[in-house]
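Remarks on the structure that follows.
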Amino acid sequence: MVEPHIECISLTKQYKSKNQVVTALEDINISIAKNQLVLIKGRSGAGKSTLLNLMSRLIKPTHGRVNIDSDCITCMSDDSLSKLLSEKIGIIFQSFNLLPTYSVYENIEIALVPKRTEKSPERDHIFALLDQFNLKDKAALMPSELSAGQQQKVAIIRTLVKRPSIIFADEPTGSVDDETAAEIMEHLISLKSNENVTVVIATHGVIPEKSADKIFIMDYGKLKSSTSAI
C-alpha cells in the first residue's frame, strides 16, 4: 500500500463567535498521494479555504491532525514548520499579496530569502519562469503597472521559484479573466505532469475535472463526496 503524501485525520476547525461555537470544518479524513492533482470543490462557505489553510498549517485545527510524509505538521515547532514551508510547500492565494514598492523581479526574489540561495543561478531561474508566463519584459515594473491577471502570474511565479514539491492553491483563477485562468491552470497541470509536484486546488469555479486525479466535494464544512477523476 502506498503511503499517503498528505493525510488529514479527523480534522475539525471551530471558531468562537460571541456566545456560540461555529464549526467551519467537521471530521475531515482525506488522503493524497505524491504527484497527484487534487480539486477541492464546493460553493462559497463550504469550508474549502479552511481545509487548505489547515493542510498548509496557516491555521491550527481544533481537533485532528495533518501529516505530510508521515510528519505531523500540526505538532511541529515553529522552526520546523518554517523549514517545511520554505523547502517543500508553496501557497497560492486568490489575493496576490504583492509588495507595492517592490518591482516584479524583487517580489519574486524575496521568496528565496529564507532559503539563502546563491543569487546568480536563481536569477536565471526567475527569468526563465517570467519567460514561461510571458512576463520577461515586465521584470522591472511595479505591481500597480500590471493587470490583475499579470499580478496573479507574478504571485504564482513567486511560489514556483522555491521549487516546492507541494502546492496549495486557493481559488488561483478567481480574480482573473477566462483566458488568463486557462493559462494559469495549464501551468499548474504541467507542474504535476512534468515536475512531479503535488497540486491541491480549492475552487468553486470552472476548472477541468478531467485533469484531476481526485476530487473532494465540500458542503457546510463536511466532506460530501470523494471521487477519482481518472
Where in the range 1-116 are the helices (runs of 4 or more DSSP H), entirely inside, with at least 1 residues that are more than 14 Å from the chain's Cα centre (by Cα)?
78-87, 104-109
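Condition test on Thr74, is it surrounded by 15 or more Cβ atoms within 10 Å (Cβ to Cβ) and touching a residue at least 24 places away in the same chain (Cβ under 8 Å)? Even if it seems obvious, please write down each step before you answer.
Values: surrounded by 15 or more Cβ atoms within 10 Å (Cβ to Cβ): yes; touching a residue at least 24 places away in the same chain (Cβ under 8 Å): no.
No: the conditions fail for Thr74.
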Selection count where residues are at pLDDT 90 or above and farther than 18 Å from Leu52 by Cα, scope the range 76-106:
9
Looking only at the range 7-51, count how many residues are closer than 24 Å to His187 by Cβ and in contact with a Ser or Thr (Cβ under 7 Å, 6 or more places away or on another chain).
7
One residue is enough: does the range 135-155 have a residue meeting the conditions in contact with a Ser or Thr (Cβ under 7 Å, 6 or more places away or on another chain), under 27 Å from Ser44 (Cβ atoms) and assigned to a strand (DSSP E or B)?
no
Residue pairs within 6 Å by beta carbon, gap of at least six or interchain, first lying in the range 5-21 and touching a residue at least 12 places away in the same chain (Cβ under 8 Å), second among the charged types (D, E, K, R), listed first then second, are His5/Lys34; Ile9/Arg65; Ser10/Asp27; Thr12/Glu26; Thr12/Asp27
Condition met for Ser175 (under 26 Å from Val113 (Cα atoms), hydroxyl-bearing (Ser, Thr, Tyr) and surrounded by fewer than 18 Cβ atoms within 10 Å (Cβ to Cβ)):
no
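The values are calculated or read from the model by the stated rules, or taken from the named source; none is laboratory data. Owing to the predicted nature of the structure, the values given are computational and were not obtained by experimental measurement. All Cβ positions, even for glycine, are placed from backbone atoms using ideal geometry, and neighbour counts span all protein chains on display.
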